[in-house]
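Read-outs: derived from the displayed coordinates by stated rules, not from any lab. The model shown is predicted, which means the values in this text are computed figures rather than measured ones. When we count neighbours, we look across all protein chains shown, and the Cβ atoms used for this are built from the backbone with ideal geometry, even at glycine.
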There are 2 protein chains.
Amino acid sequence: MHPTVAEPTAPFPASTHDHASCRDWILRRAESLCAEKKVRFTPQRREVLEILAASHRALGAYDILEHMHRVERRPPPAAVYRALEFLLALGVIHRMAGRNAYFACTRPEHGRGEIQFWICRRCGVVGETESVVIAGEVPRLAATLGFQVGAVNMEIEGECQACRGC
Amino acid sequence: MHPTVAEPTAPFPASTHDHASCRDWILRRAESLCAEKKVRFTPQRREVLEILAASHRALGAYDILEHMHRVERRPPPAAVYRALEFLLALGVIHRMAGRNAYFACTRPEHGRGEIQFWICRRCGVVGETESVVIAGEVPRLAATLGFQVGAVNMEIEGECQACRGC
DNA sequence: GGTATATTGATACAGTATATCATGTCAAAC
DNA sequence: GTTTGACATGATATACTGTATCAATATACC
Ligand SMILES: [Zn+2]
Ligand SMILES: [Zn+2]
Ligand SMILES: [Zn+2]
Ligand SMILES: [Zn+2]
């Protein structure tokens with residue numbers, strides 16, 4: 001189904017990891033999912049994903065736009081937002097509401113399930129976890145509130161191991 | 001220290017609750033905290049808090065602005081943002097990043113600690129919980145990542161009990 | 001090829017938030 | 001009681017984030 005490549009990164013990407021294969025995995029998964037869903041992975045959509053996959057940082061839509069240097073003319077903002085919307089729906093990127101920023105998902109299991117986003121306030125690197133404890137706790141809390149859970153968003157800002165070393 | 005009023009609302013405000021006393025509690029806590037910290041609870045700051053405390057809904061900054069009907073002239077956006085910044089720092093309101101909206105905190109224990117925000121996508125009512133399970137899980141996950149936790153933001157969108165009944 | 005559908009281009013605009021500098025208010029110090 | 005300094009607000013402009021609309025183009029399917 002999905003390309004049989006080793007899991008691309010640890011939950012929090014180490015500075016030493018092999019990012020070339022990490023990046024490839026992200027793009028191949030997108031290709032694979034598009035084929036599965038019979039939707040088109042156009043050059044523009046690919047370019048936006050490539051820009052995000054180039055790092056493990058969260059970028060704003062206009063940051064992405066600046067990286068899209070067409071020779072003739074830069075595409076309008078809506079082009080980026082359309083690509084982002086497509087990639088979000090495909091499940092290969094995530095949005096950090098707290099920063100109005102987007103980043104490429106690097107976790108094979110992230111189709112569904114509750115995710116925690118970890119972002120370093122110094123270097124901007126993003127990590128992802130899927131705590132089973134939290135995944136169990138949310139429905140339990142919801143039950144006591146009589147609340148029907150739709151979407152869950154959890155973002156933890158702080159300092160990553162690499163930056164704490166400095 | 002804080003006014004000795006009964007806890008204002010349940011984690012998720014019932015439609016039947018006594019909102020007059022709930023609202024009073026929010027404003028008195030703000031007064032009390034301002035006295036403690038020796039900062040000024042000016043009319044403008046009070047007005048913004050009153051607007052938020054009027055409901056358990058999350059309002060955008062410009063929604064708040066519309067409610068500030070001065071006779072002469074409406075204050076500029078920055079006035080609202082300045083008041084919101086002040087109230088956030090005081091700890092009497094919260095910001096929902098996922099909606100660019102703000103709401104009055106109704107939980108006595110919310111000085112520090114990890115909070116879950118629950119927002120109904122139909123009626124917009126906001127609830128708050130403080131799960132000890134999640135409060136314990138976050139540092140545990142952080143330790144495995146070598147991550148130093150700063151701020152945590154957790155938002156759950158769905159449907160509240162009242163709206164599910166409809 | 002011809003038609004329906006999806007995608008992109010182009011333009012405008014809405015919504016959210018901040019920067020900057022001037023003016024006003026308050027309270028303590030003199 | 002006036003000076004003084006810190007804090008708060010007013011006024012204006014602008015930056016940042018995201019969407020609406022409609023025309024043009026590309027792709028898929030018959
Ligand atoms: Zn990588
Ligand atoms: Zn870092
Ligand atoms: Zn209430
Ligand atoms: Zn509701």
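Positive end of the dipole of chain B (Cβ unit charges, origin at the Cα centre): among B:GLY91, B:PHE117, B:GLY158, the Cα lying farthest that way belongs to B:GLY91. Ranking A:ALA35, A:TYR102, A:TRP25 by Cα position along the charge dipole of chain A, where only Lys, Arg, Asp and Glu carry charges on their C-beta atoms, puts A:ALA35 farthest toward the positive end.
What the phi angles of the range A:148-153 give under the Karplus curve with 6.51, -1.76 and 1.60, with θ = phi - 60°, is a coupling list of 9, 6, x, 9, 10, 9 Hz, glycine and proline written as x. Against the main long axis of the alpha-carbon atoms of chain A, helix A:132-145 sits at an angle near 60°. Between the range A:107-166 and the range B:41-59, the C-alpha centres lie 30 angstrom from each other. Per-residue shielding of A:10-20, expressed as the average number of other chain Cβ atoms within 10 Å of the residue Cβ, stands at 1. Gain on full extension, evaluated as 0.36 nm per residue between B:SER21 and B:SER55 minus their Cα-Cα distance, stands at 11.0 nm. Between copies, the label points of A:ARG70, set 7 Å from Cα on the Cα→Cβ line, lie 4.6 nm apart, reported in increasing order to one decimal in nanometres. Inter-copy label distances at A:VAL133, shortest first and taken from points set 7 Å along Cα to Cβ: 1.1 nm.
Each residue of the range B:97-109 is assigned a 3J(HN,Hα), and the resulting list reads 4, x, 10, 6, 9, 10, 8, 7, 6, 10, 10, x, 7 Hz, derived from the Karplus form 6.51 cos²θ - 1.76 cosθ + 1.60 (θ = phi - 60°), x at Gly and Pro.
Using only Cα atoms and rounding to the nearest 10 degrees, what angle (0 to 90) does helix A:77-90 make with the longest principal axis of chain A? It is inclined by approximately 50 degrees. Sites listed here are GluC sites (Glu not before Pro) in the range A:62-102 whose DSSP assignment is loop and whose Cβ has at most 11 other Cβ atoms within 10 Å: A:GLU72.
The charge dipole of the range A:19-95, taken about its Cα centre with unit charges on the Cβ of Lys, Arg, Asp and Glu (plus for the first two, minus for the last two), comes to roughly 180 debye. Between the amide H of B:CYS123 and those of B:CYS160, distances stay under 5 Å, these residues lying 5 or more places away or on another chain, with hydrogens modeled in the peptide plane. For the protein assembly as shown, what does the alpha-carbon gyration tensor say about shape, rounded, prolate or oblate, given a ≥ b ≥ c as the root eigenvalues, a/c under 1.5 as rounded, and a/b over b/c as prolate? Prolate is the answer for the protein assembly as shown, as a/c is 1.5 or above and a/b outweighs b/c.
Amide H contacts under 5 Å for A:ALA101: A:MET96, restricted to partners 5 or more places along the chain or on a different chain, H placed in the peptide plane at 1.01 Å from N.
Between 0 and 90 degrees, the angle of helix B:19-37 with respect to the longest Cα principal axis of chain B falls at about 90 degrees. With its label point put 7 Å out from Cα toward Cβ, B:ARG122 sits 4.8 nm from the same residue's point in the other copies, in order from shortest. For the protein assembly as shown, a crude dipole built from +1 on the beta carbon of Lys and Arg and -1 on the beta carbon of Asp and Glu, taken about the Cα centre, is about 820 debye to the nearest 20. Sequentially through the range A:156-161, phi angles give Karplus couplings (6.51, -1.76, 1.60; θ = phi - 60°) of 10, 9, x, 10, 7, 4 Hz, Gly and Pro residues having no value and appearing as x.
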